[in-house]
Every structure is written in C-alpha cells, then in structure tokens.
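The values are calculated or read from the model by the stated rules, or taken from the named source; none is laboratory data. It should be emphasised that the depicted structure is a prediction, and the values quoted were computed from it without experimental measurement. Note: ideal-geometry Cβ built from the backbone for every residue, glycine included; neighbour counts use all protein chains shown.
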C-alpha cells in the first residue's frame, strides 16, 4: 500500500463507491479515514433511492474497469455467495469497453510477434470487437482470413493492482459479511482472472477442444496458429456464421432451427458427460452456426473441469435422484465438501427429497430444467452451503441448453436430450473395468498402509511397555479416578484400533494381507488383556 499508484487507485475506487451510495459500508470496513481527501460527484439521493443495491453495485463495477467488471460477472454466476437479487443485477454487466487506438495496439503486435508480424497483412485498424481485457482485429495470414486477439496495453498491471486492493477490501469486510466468505471468494476469483490474462491458457484449451471434437462433422473448432500465439496474442481463423440464438439468421443460411437446437445441445452435453472438460461461458454470443450447419464455439478463456472424484459424486447424486435415495445424495454432497458447517442435515435431506419427488411426478415435457436448478440454488442458499465452482458452471451450461433450445424450437425437450447422456455417463462410472481400476487404486493405498503399520505398531507397543502411551487427563483432586480413566482410555483406543484391523481383514480378499492384519489385531488385543490383568480387572 506504500506505492503511490496503489494509494491513488484506492482513492479512485472509494470515490466511485461513495458516489453510488456506499459510504456507510466504507466507514464500517475501516477505510473511513481515506474519505476525507475524496471529492466525488454524488448521484442525487432521489435517483439512488430508486436503484437496488445490486444496480448500484453494477454501476460502480462498470465504472471501475476490467477487474471489477469481471468480478461482477463472476459473482453473478455464484448465487451461493450473494443474494439472488444482487446476482441478477450483476448479470446485466456487459464485458464491453471502448477500443484502444491501433497506434497503441501495433507496438504490442510487433514486440510480441517479432519477425512473424510481417506475415500479417491487411490488418483492419478498426476492431471487430472490444472487451475489457482485449480487442479483436481482422487480418490476413499468408493469404488466409484470420482474427487477432490482442491484450490491451497495461491492462494486466491494472488488474493485478486491483486484485491486491480487492484482497485488502475482502480482509476488511471479512468480519462484517462473514457469511459471504469474502477472502475465499476473492481468492477464487483471482485464480480465474489470472488464468484468463495468460492467453496461452486459452490456446491450450482450443487445442484440447479440437482433439475432443476432431471426428464430429457438426462441430468446428477454430484453427489456431501456434507460432503467432503468446501470453498476450492469439491468432486464429476467422469464423463466418450467425449466433445460435438468431433463429431468422439460421433459416437464412438454409438450416433448420430444430436440428441446430439438437446439435447445440449435444455439443454441450458431450463436454459435460463425456469429456468432463467444458466451455465455461456458453452464452449465445459464444456459439456460432456456419453455412453448412456446423456449430462453432469461440472464446475459450473460461473452462470448467470435472475430476474423477467430482464425477463419482455427480454420479451418486444422479442415482440418488433417480431412485429417490436422498441419503445417497447427502453422502455425495459431504464428499464434495458442500455440507461443511451444516447444522440441520435432516432438514436438508427433507428439502432435497421433496424437490426430487415434485420433479419425478411431472410429465417429462413439463420439467423445466432452469426451474429445477433455481430450486436447488434456493436450497443451497437457505442452508448457507458452498458448492464447488465447477458445478455451478455445469448448472449454467445445462440451463443454457434449455434456453437456446426453446428459442429455436418451442417443442424442444431438454430432459429427453439429457437422458441418454446421463445413462451412458452412469454406465461408464460403474462399468466393471473401471470399478476394478478403482479397487486397484484403493489397494495401492492399503498396501502403503501395510508397509508403515508394523513400524508404527512396534512404536506403540514399545511405548505401551514403558507406560508412555497415554491420554493426558488432568482432574485436580481426583487423582485415583483420573488414573483409572487414563488406563481405560488407553485400553479403549487400542481396542478400537484392534477392531479396525479385524474389519479391514474381513473386507480384504488378499489372504496374505488378511493374515498380517489379523496377527496385528491379536497382538493389540493381547496387550489390552495384559493391561487388564495387571490392573486386576480380570
């Protein structure tokens, strides 16, 4: 905070928030002393009174630039972090910004590309699009039409400065809005935006999508030119087409909206349920339809990823939903860390059960996926649960399938399209060879445990013989009782350990491992009996 630019930027940020009516919050957070030197043009109180908190926040974020615009968009997708009304208002934030003049863009191109810059010709100085972090220009590369995505000058440094200040704000507000976990929220956001600032991450995402869809004739992934890509520059082929939400445009291309709706759904569903790696921002502006009816994704800066453990938990949630086994769902949520700090587990189980029952009793054509997702979010919020960010991205993708499909085809049945993918997903998760592999991985963990158990047991028994293995229980004035309690606890702990080894031996099919565990359990049991004999308890 000693740097002059940080102090200047801090005052700019505070001035904007004061103008939008957040001076009391600033005072409460401990930044009140900075307000003395701030001169701000206030928005009339009558006008502020007509605006909701979310609208005022959106206005402040839009004025403060890239980091805050991205933060607003991030929060709008996390209804578990903020109230629904604020999330709705922040969702109106558009990632649009005035373009930077080409006289400032060209030096970046020359510096980043070196000799390769000469290969680019007919660069259009007027950008095709301009967002908060980058802008896009048309050009030709060796005669082929391409687009160049260029990071705006100094935007990375400005965002890094704002991230430091946002972290400071989060720590100051941590005690005031504890339920929103501001420090954790900013940490997650920082990780995402830093990843987005390095365009080589997007380059790798494009290559991965190209590998996944290389055999699908109805999906086109833009060709990317590696030798012209850096952490600030991307060069890829220009995609012709219309937005997938443009029904009239699709008809003008000679394509059937109904077919495009199904292809769009399959494009997203394959990512979610086959690859476990998916486009994190599949809004209509990022999905194009070309003249041949193939679908193209653009802007691969944000992606979601489901690891094997999350896939397993998701499978358990799906099976629990199909068979109305709410306890199974609760166990999966526990494994995901969702229920940490939950005080009313039975209430959560009841609410989930009621939701599943309502959905199951609806005819397939009447199930509204977005409505179900909204109800799940409502349950999450009411119990102050925290979902992994990837599952919210997944939910948003599923809701987008329904939204796009219904625009193109009023009879579009999202549940009907979803069903086969869920069935195949569950079959893959529970097929024999995968279960054997999973058991094999667990066996590796067991054998690792067996390697360290003998040494650990030797140390325990040695300490027991020297009467060093004990629990410390200090009850003043009741020394005889404390001695008895101490001995009882020692024996109880060894008995539990012995019983655990017996259970493990019963579960294991490997005969040698069984024998080893049973011998260890017997040794511990004899130790307990010997201790009881010495105490004349037998």
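Tabulated data for the structure shown
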| item | result |
| --- | --- |
| Residue match in region 83-98 (condition: surrounded by 18 or more Cβ atoms within 10 Å (Cβ to Cβ) and touching a strand residue (DSSP E or B) at 6+ places or on another chain (Cβ under 8 Å)) | yes |
| Scope region 356-370; condition under 28 Å from residue 343 (Cβ atoms) and surrounded by 15 or more Cβ atoms within 10 Å (Cβ to Cβ); matching residues | 356, 359 |
| Residue 79, sole failed condition from (1) on the phi > 0 side of the Ramachandran plot; (2) in the same structural domain as residue 172 (by TED's automatic domain parsing) | (1) |
| Flag if residue 299 is touching a residue at least 12 places away in the same chain (Cβ under 8 Å), on the phi > 0 side of the Ramachandran plot and either within 22 Å of the chain's Cα centre (by Cα) or assigned to a helix (DSSP H, G or I) (or both) | yes |
| Residue 184, sole failed condition from (1) over 26 Å from the mean Cα position of the chain (by Cα); (2) loosely packed, with under 14 Cβ neighbours inside 10 Å; (3) in a helix (DSSP H, G or I) | (1) |
| Members of region 135-152 that are at pLDDT below 95 and in contact with a helix residue (DSSP H, G or I) (Cβ under 8 Å, 6 or more places away or on another chain) | 142 |
| Among the candidates 337, 341, 304, residue that is more than 22 Å from residue 427 (Cβ to Cβ), touching a strand residue (DSSP E or B) at 6+ places or on another chain (Cβ under 8 Å) and not in a helix (DSSP H, G or I) | 304 |
